[in-house]
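> Below: one structure in structure tokens.
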Amino acid sequence: MKRYGEHRFPGKLFVVEGIDGSGKSTQLTLLHQWLQAEGYGVVFSEWNSSPLVRDTTKRGKKKLMLTPATFSLIHATDFADRMERNIIPLLKAGAVVLCDRYIYTAFARDVARGMDPAWVRELYSFAVKPTVAFYFRVPLEVARRRLAIGRNGFKYYEAGLDLGLSEDPDESFDLFQGRIIAEYEKMVREFDITVIDATQPIEVQQQQMRQIVKAKLAQAKRLRVAP
Ligand SMILES: Nc1ncnc2c1ncn2[C@@H]1O[C@H](COP(=O)(O)OP(=O)(O)OP(=O)(O)O)[C@@H](O)[C@H]1O
Ligand SMILES: [Mg+2]
């Protein structure tokens, strides 16, 4: 099977990527509402949500039982289950599928945890290439400031505390998320990812996203009516 091949299904797949607090969910929610209002059959799929392993993942995280390898494998299982049971059937049915985080999240996090980049990419070779993958590029300080307002404290794995980089959660978060940013930046060219300047106001970013998505959907319509 060709790795991350262009799928030939009638549906479209748009995914958002970026570090915690970069604004992914904010933008995807707005895009979802707009697509619905435009009359598209649109479905939302979230990371870490497969009924098959969701509880195990939660327990593993709560009890701090996951190693970099089992962390990676359990997320791959979750994703494979969603891909086969949810995302592919929807694309076959012609839906617009929106994913909050996709394989690039796994590549960035798992490599930041010390897993081999080629091994992680191979692990996810069943995945289809998104129509557009948006990367919300934001400096660490901006993301941290946004999260400080919205939440209290970082979670253990979110801050990479399992890696022993620092005992201070804030410092560990910075070091770990810094590694993740470096991985995302490497992937922009490797996977032809669309970068959005995520320091801009919410509405400005949303306009940029809609323009790109609209062009892809119009192109699909033209191809369908062509003889
Ligand atoms: N462009 C923006 N300017 C200022 N604040 C923003 C912007 N976009 C999002 N925010 C705020 O930042 C916080 C984090 O946003 P959001 O939850 O969308 O991020 P996320 O990337 O989905 O994070 P996570 O990966 O943790 O789910 C929210 O409180 C949101 O209102
Ligand atoms: Mg989110």
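What follows draws every value from the coordinates through simple rules; no lab data is involved. Everything numeric in this text was worked out from a predicted model, so none of it was measured. Cβ sites come from the backbone with ideal geometry, for glycine too, and all protein chains shown count toward neighbours.
> Among the listed pairs 24/216; 24/214; 92/186; 129/216; 92/129; 62/92, which have their C-alpha atoms separated by more than 25 angstrom in this model?
Exceeds cut-off: 92/186; 62/92.
> Something else now. Under a straight-distance cross-link criterion of Cα-Cα below 19 Å, which aspartates and glutamates are reachable from residue 58, leaving out those fewer than 8 residues away in the same chain?
Of all the aspartates and glutamates, those that pass the test against residue 58 - Cα under 19 Å, at least 8 places apart if same chain - are 20, 46, 78, 81, 100, 110, 158, 162.
> Another question, if that's okay. Please report, in Å, the Rg and the Dmax of region 1-131, where both are computed over Cα atoms only.
Both quantities, over Cα of region 1-131: 15.1, 45 Å.
> Okay, next question. Can you give me the long-range amide H partners of residue 99? Hydrogens built in the peptide plane at 1.01 Å from N, cutoff under 5 Å, separation of 5 or more residues or another chain.
Sorted by chain and number, the residues that satisfy this are 14, 15, 16, 45.
> If you don't mind, there's one more thing I want to ask. Residues of region 24-42 with backbone nitrogen within less than 17 Å of a virtual label 7 Å along the Cα-to-Cβ line of residue 218, please, listed as ranges.
35, 38-40
> Percent of Cα-Cα pairs more than 16 Å apart in region 79-123, please.
That tail contains 47 percent of the Cα-Cα pairs.
> Next question, about the same structure. Do the sum for the chain: with -39,500 (n - 2.57) for every DSSP H run of n ≥ 4, divided by all residues, what is the mean residue ellipticity at 222 nm, to the nearest 500 deg cm²/dmol?
Computed mean residue ellipticity for the chain: -16500 deg cm²/dmol.
> If the viscosity is 0.692 mPa s and the temperature 37 °C, what translational diffusion coefficient in µm²/s does Stokes-Einstein give for region 112-187 when Rh comes from Kirkwood over Cα pairs?
231
> How many percent of Cα pairs in region 133-227 exceed 16 Å?
Percentage above 16 Å: 67.
> Between Rg and the Kirkwood Rh of the chain, both from Cα atoms, what is the Rg to Rh ratio?
A ratio of 0.96.
> Further question: Output wanted: per-residue J couplings in Hz (rounded whole) for region 52-60, from phi through Karplus 6.51 cos²θ - 1.76 cosθ + 1.60, θ = phi - 60°, x for Gly and Pro.
5, 10, 4, 5, 5, 4, 4, 5, x
> Here's something else I'd like to know. Relative to the Cα centre, what is the charge dipole magnitude of the chain, using +1 at the beta carbon of each Lys and Arg, -1 at the beta carbon of each Asp and Glu, and rounding to the nearest 20 debye?
That gives the chain a dipole magnitude of about 980 debye.
> Using packing as a proxy for protection, rank 43-52, 89-98, 147-156 so that the peptide with the highest average count of other Cβ atoms within 10 Å comes first.
Sorting 43-52, 89-98, 147-156 by mean packing, highest first, produces 89-98, 43-52, 147-156.
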